[in-house]
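Just below is one structure, and these are the notes that go with it.
Bear in mind that the values in this text are calculations on the coordinates, not laboratory data. Nothing here was measured: the structure is a model prediction, and the numbers come from that model. Quick reminder, even Gly has a Cβ in these numbers, built from the backbone with ideal geometry, and neighbours come from all protein chains shown.
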Amino acid sequence: MAAGRKGRGRPRAVPRPEGPARPAGRLEDEDMPAPDDALLLKMLHSMKLTRALEYRIERKLYRQGKIVGGVYVGRGQEAISVGAAVHIRRGEGEDRDDIVSPSHRDMAVFLMQGVPPERILAQYMGRSTGLTRGRDGNMHMGDLRHRLVAFISHLGDSIPVAAGCALTFVMRGTDQVSFCFFGEGATSRGDWHEGLNFAAVRRLPVVFICNNNQYAYSTHVTRQMRVEHVSDRAAGYGIPGETADGNDLLAVYDRVGRAVRRARRGDGPSLLEFVTFRMTGHSAHDDAGYVPKSEFEEWGRKDPIERLQSALLRRGLVDRPALAGMEARIEADLDEAVAWAERQPYPEPEECLDGVYHEGGPGAGDRPQGESTAWR
Ligand SMILES: Cc1ncc(C[n+]2csc(CCOP(=O)(O)OP(=O)(O)O)c2C)c(N)n1
Ligand SMILES: [Mg+2]
């Protein structure tokens, strides 16, 4: 158990951060062990499941006209969501579990937090058993039972929210951590800077995780920031910032693990940038005609799943038949998940506004309990 903040006591005043205001620079040399064989296989499976599920949604169901909203996928970026989400503490109870604010390219985070693929499919198809019960048809979804804060469409707005979650952890005296995911485009928004500054000043336990896929819709990264790395922005807030290869699962696992240890110990936030590439358009309706083909070719050769798979094959941890078996099981499970989602009802028209707006003020004790609250 980390020494810094542990056990849930009575709520108390937020302590003033002590010590030097600038522990910035790189993440200190934490003792970060490499993942064992079982964990490596689990992460490979999560990456493959994520890609297969997104492929169904983007390339099949969307084109069949079965998806209600827009589709944004993280193809080529799976190592970031998986290598980070594996560090989220879960299943240990409300006072122990971490919390996470995923971005719109972090399907793996939803899966790893325990949301079943069929519920994600129901969400995309606008069915009443989707995470927003048919209120939205894409990644604007969350579920606090899975410790997932719903993705806020306005870029950068989830950063102060993630910092706020971390503030409650400090006030309660627990050692929980808030994980916050976003793209490099979000880092040029005002809320992003305010959220980072607040987290830094209060030394809050947040791990800020940026996927720098080099495009924000059609805007290349060089057209929206003058620093070379997103992580350079950390110096402005006196926190550690690091850049690493986002297509290298082990690099992601290592950096996030270090940042989590630091946060759990009570040493405050870190800003991690993982360089990668968006192997699609911005969304299913965008053909990415503005991206030079050579960039897709170059990054296609750095595919994170292929890369991990080759490493595991070389080490003898898996063989080709085992990989084929893993893929076949994933596809069979997804066949069932799609069939289940297609059988789900749409919400009743008269229910459509339930849970959209807050009903009643503080102490609205007569509100029906259960599924019908906006924050889910
Ligand atoms: C404030 C704001 N401006 C514009 C948009 C429309 N929009 C949604 S995602 C996106 C690109 C985001 O780029 P980035 O933050 O790099 O994330 P990526 O999609 O590359 O993962 C844009 C412009 C928005 N949602 N919010
Ligand atoms: Mg981007």
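Note down the nm distance, to one decimal, between modelled labels 7 Å out along Cα→Cβ at Glu351 and at Arg89.
The two pseudo-label positions are separated by 3.6 nm.
Would you kindly state how much longer the chain becomes between Lys302 and Asp31 on full extension, computed as 0.36 nm times their sequence separation minus their alpha carbon distance, in nm to one decimal?
94.7 nm
Just rank Glu54, Glu78, fewest to most, by other beta-carbon atoms within 10 angstrom.
Fewest-to-most Cβ neighbours within 10 Å comes out as Glu54, Glu78.
If Rh is defined by the Kirkwood formula over all Cα pairs and Rg also comes from Cα, what ratio Rg/Rh do you get for region 235-281?
1.06
In nm, what is the difference between 0.36 nm times the number of residues separating Leu39 and Ala311 and their Cα-Cα distance?
Taking Leu39 through Ala311 to full extension adds about 96.5 nm, to one decimal.
Only bridges whose two residues both fall in region 74-218 count here: according to DSSP, what percent of them are antiparallel, nearest 5?
10 percent
How would Arg343, Arg96 line up from fewest to most surrounding beta-carbon atoms within 10 angstrom?
Arg343, Arg96
Treating only the Cβ atoms of Lys and Arg (+1) and Asp and Glu (-1) as charged, compute the dipole magnitude of region 226-317 about its Cα centre; round to the nearest 20 debye.
560 debye
With unit charges on the beta carbon (Lys/Arg positive, Asp/Glu negative), name the residue among Met125, Asn212, Gly156 whose Cα is farthest towards the positive pole of the charge dipole of region 119-222.
Farthest along the dipole direction, towards plus: Met125.
Lys/Arg Cβ at +1, Asp/Glu Cβ at -1, dipole of the chain taken about the Cα centre: which of Leu308, Leu27, Leu249 is farthest positive-ward?
Comparing the listed Cα positions along the dipole, Leu27 ranks first.
Counting pairs of alpha carbon atoms under 8 Å apart in space and at least six apart in sequence, what relative contact order in percent does the chain give?
Normalised by residue count, the contact order of the chain is 23 percent.
Considering only DSSP beta bridges whose two residues both sit in the chain, what percent are antiparallel, to the nearest 5?
So the antiparallel bridges amount to about 10 percent of the total.
Assign unit charges at the C-beta atoms only (+1 for Lys and Arg, -1 for Asp and Glu), then state the dipole size of the chain relative to its Cα centre in Debye, rounded to the nearest 20.
The calculated dipole for the chain is roughly 740 debye.
So, R0 is 35 Å and r is the distance between the beta-carbons of Asp287 and Lys66; what FRET efficiency does that work out to, to 0.05?
0.95
How big is the charge dipole of region 147-216 about its Cα centre, in debye rounded to the nearest 20, if each Lys and Arg gets +1 on its Cβ and each Asp and Glu gets -1 on its Cβ?
220 debye
Defining a contact as two alpha carbons under 8 Å apart and six or more residues distant in sequence, what relative contact order in percent does region 182-281 show?
In percent, rounded to a whole number, it is 39.
Which ordering of Thr168, Thr280, Thr243 is given by a fewest-first count of other beta-carbon atoms within 10 Å?
By the 10 Å Cβ count, ascending: Thr168, Thr243, Thr280.
DSSP loop (so not H, G, I, E, B), at most 16 other Cβ within 10 Å: list which GluC sites (Glu not before Pro) in region 183-248 pass both filters.
Glu228
Under a crude label model (7 Å from the Cα following the beta-carbon direction), how far is Ala328 from Tyr55 in nanometres?
1.6 nm
Taking only Cα atoms and a 10 Å spring cutoff, compute GNM fluctuations for the chain and point out the largest among Pro321, Pro269, Pro240.
Of Pro321, Pro269, Pro240, the most mobile in the Gaussian network model is Pro321.
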